Amino acid sequence: MNSSARHSTRVVLVSCIAALLSGCLSVAAAEPDRPRQRIRDLGVVIGSFQPGPLNAITDVAGVKVGHTTLISGEGKLTPGQGPVRTGVTVVMPRDDVWHKKVPAGFFVLNGTGEMTGLSWVAESGFLEYPIALTNTLNIPRVANGVMSWMIKQYPAIGIEDDTLTPVIAECDDGRLNDIQGRHVSEQDVLAALDSASAGPVKEGTIGAGTGMVSYGFKGGIGTASRKLSEKEGGYTVGVLVNANHGRRPELIIAGVPVGKLYEQPSPAQQQSQALSPGQSEGSIIVIIATDAPLDSRQLTRLAKRAALGLARTGSTARHSSGDFMLAFSTANVIPHYPKEPTYTLTHLADSHINPLITATIEATEEAILNALTMATSVTGRDNHRIEAIDLIRLKRFLWPSER
């Protein structure tokens, strides 16, 4: 199929004769509801800067994204077997990032979560492998997949060459998924990496976002970008998020308290969405890419500003949330064991960084909203159902005079 050229999707469907006859292979899979739209296509313009051609992280030249989505089973949870609503999403900063490393920085707003490999990013100031997003208990298997892929690409790793500590970021999808099953395999990670593309990025209920819940609605993967004017450097900032955070009353869209205007979940829905105190808070992973020539310190500053984009959607980074922001720049190349003792990097003056700060905040806010508006309703384990935000109702909240 056409989309498989860009995204590898392994969907294992339940063998249900009645469902096959009805043309609906699995009511527990991602359900299309009504056609989904990105927030900008709904008429909501976030900020002042223009998006790039794709309005995606892949507007930054060289950046690729890949997904593997896993959906199978229905009904009661059988730990280790299903139902399965999970996946993996990968972000590749550039081809051959092992030998042509990218400067990188990060910020942890609230640390009830995990993004592995950050100690080396802090120490070195660069990133040298793809980033992978998945669920909490799948970190080790996904790390194995990234390591296997890297060793295949660079057979000298761990022998004549250095070893690696991959960057794997997690969010808890246990409200919909059999998370104990750790269903994302090494092969699924390899498939996502091998199929990663620089084209349009699928959003919502896809890859690592398959089982995610945000602001009491179905969440998941979202992306957006901003392109600065030539006067401001002509640089691009792209953001990709895995949104699994927030409570419904907190949600703000374009300054409108949508979460408070929307009816609150019933007690049964609340129980479905918050199976334990830890799961009631949620998490978010924010990946920021830019072609502006920034060093690690400056990229850390951009990562901090992504938290302001998160706040604009209503999040307060509660005690049990995990809010991790990682930023990298493709403008410079940090060589792999250079022969010469010095190398040259282009460096943007701090006095010219303000437009990039604003662009990062805007793109983060829009990426989160895209995750919400592009996600589809999902019924997962124990028949817990998370509804996608209703786009018709959303329009009424945003433009009440048009009712």
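The values are calculated or read from the model by the stated rules, or taken from the named source; none is laboratory data. Here the structure is a predicted model, which is why all the values come from computation and not from measurement. Cβ: placed from backbone, ideal geometry, glycine included. Neighbour counts: every protein chain shown. The accessibility values were calculated without ligands, DNA or RNA, using every heavy atom of the protein model including side chains. Shrake-Rupley method; radii C 1.70, N 1.55, O 1.52, S 1.80 Å.
Data for the structure
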| quantity | calculated |
| --- | --- |
| Greater than 21 Å apart at Cα, pairs in LYS100/LYS231; LYS202/LYS304; LYS100/LYS152; LYS101/LYS231; LYS218/LYS395; LYS64/LYS339 | LYS100/LYS231; LYS202/LYS304; LYS101/LYS231; LYS64/LYS339 |
| Long-range HN-HN contacts of LEU127 with modeled amide H, under 5 Å | VAL102, ALA104 |
| Set of aspartates and glutamates with alpha-carbon distance to LYS260 below 16 Å, sequence-local pairs under 8 removed | GLU250, ASP390 |
| Karplus-derived HN-Hα couplings along the range 123-139 (A = 6.51, B = -1.76, C = 1.60, θ = phi - 60°), whole Hz, x at Gly and Pro | 6, 8, x, 9, 10, 10, 7, x, 9, 10, 10, 7, 8, 4, 7, 8, 3 |
| Magnitude of the charge dipole, the range 29-81, Cβ model with Lys/Arg +1 and Asp/Glu -1, debye to 20 | 60 debye |
| For HIS336, distant residues with modelled amide H under 5 Å away | LYS101 |
| Length released on extending from ALA156 to TYR337, taking residue separation times 0.36 nm less the Cα-Cα span | 63.8 nm |
| Solvent-accessible surface (1.4 angstrom probe) belonging to TYR154, in square angstrom, nearest 10 | 40 Å² |
| For the chain, size of Cβ-based charge dipole, Lys and Arg +1, Asp and Glu -1, in debye | 980 debye |
| Backbone HN-Hα couplings from phi across the range 145-151 [Karplus 6.51/-1.76/1.60, Hz, Gly and Pro as x] | x, 5, 5, 4, 5, 5, 5 |
| Cβ-based net charge around ALA375, under 9 Å, with every Lys or Arg adding one and every Asp or Glu removing one | +1 |
| Quotient of C-alpha Rg and 2.2 N^0.38 Å, computed over the chain | 0.94 |
| Amide proton proximity set for ASN110, modelled H, under 5 Å, gap of 5+ | ASP323 |
| Calculated from backbone phi, Karplus (6.51, -1.76, 1.60) coupling profile of the range 80-90 in Hz, x at Gly/Pro | x, 10, x, x, 10, 9, 7, x, 9, 10, 10 |
| Share, in percent, of DSSP beta bridges within the range 55-185 that are antiparallel, nearest 5 | 75 percent |
| Solvent-accessible surface ranking, highest first, for TRP149, TRP399 at 1.4 angstrom | TRP399, TRP149 |
| Residue (of GLY113, LEU137, SER225) at the positive-pole extreme of the chain, dipole from beta-carbon charges | SER225 |
